[in-house]
Amino acid sequence: AKIDVEFPNANNNYLVQLYNARKKIIRESFIIPDTAVTNMSQVLEYQFLSPGTYGVRVIEDVNGNLKWDSGKFLSKELPEKVFYYPEDITIRSNWDVVLDWEVDK
């Protein structure tokens, strides 16, 4: 599967997670912004996936700690934003899947 992801903010780090139908994370990619670019996009390629149904989510990793943070009520920190690809991704044997995804703000 090949996913071309356009991120909403070129100043933030992002964690892209590919997960299976049971919501188990199969692959993760950490995306670091390029300060010379205003619109950040990245092509991610996932090879050797077993046939099945998958999903993709993007976590806006504001603090760069490589995980989703739920926020802190007392210090008024909001949870990090999570964006889900709107459809299931079906992987079949000997088929290529190519997706374009512009992540909303």
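Throughout, read-outs are computed from the coordinates displayed, never taken from laboratory work. Just so you know, these numbers come straight off a predicted model, no measurement behind them. Quick reminder, even Gly has a Cβ in these numbers, built from the backbone with ideal geometry, and neighbours come from all protein chains shown.
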### Message
Classify the chain from the C-alpha gyration tensor, please: rounded if a/c falls under 1.5, else prolate or oblate depending on whether a/b exceeds b/c.
### Response
oblate
### Query
Which percent, nearest 5, of DSSP beta bridges in the chain are antiparallel?
85 percent
### For D69, residues with placed amide H under 5 Å, excluding near neighbours
E80
### Task
Which order do the peptides 63-76, 46-59, 17-30 take when ranked by the mean count of other beta-carbon atoms within 10 Å per residue, highest first?
46-59, 17-30, 63-76
### Two-site label geometry, E77 and Q47: point separation in nm, points 7 Å out along Cα→Cβ
3.8 nm
### Query
Semi-axes of the equivalent ellipsoid of region 54-105: what are they in whole Å, largest first, if each equals the square root of 5 times a C-alpha gyration tensor eigenvalue?
31, 11, 9
### Query
At what distance in nm do the modelled label points of I91 and D4 sit from each other, each positioned 7 Å from its Cα along Cα→Cβ?
2.1 nm
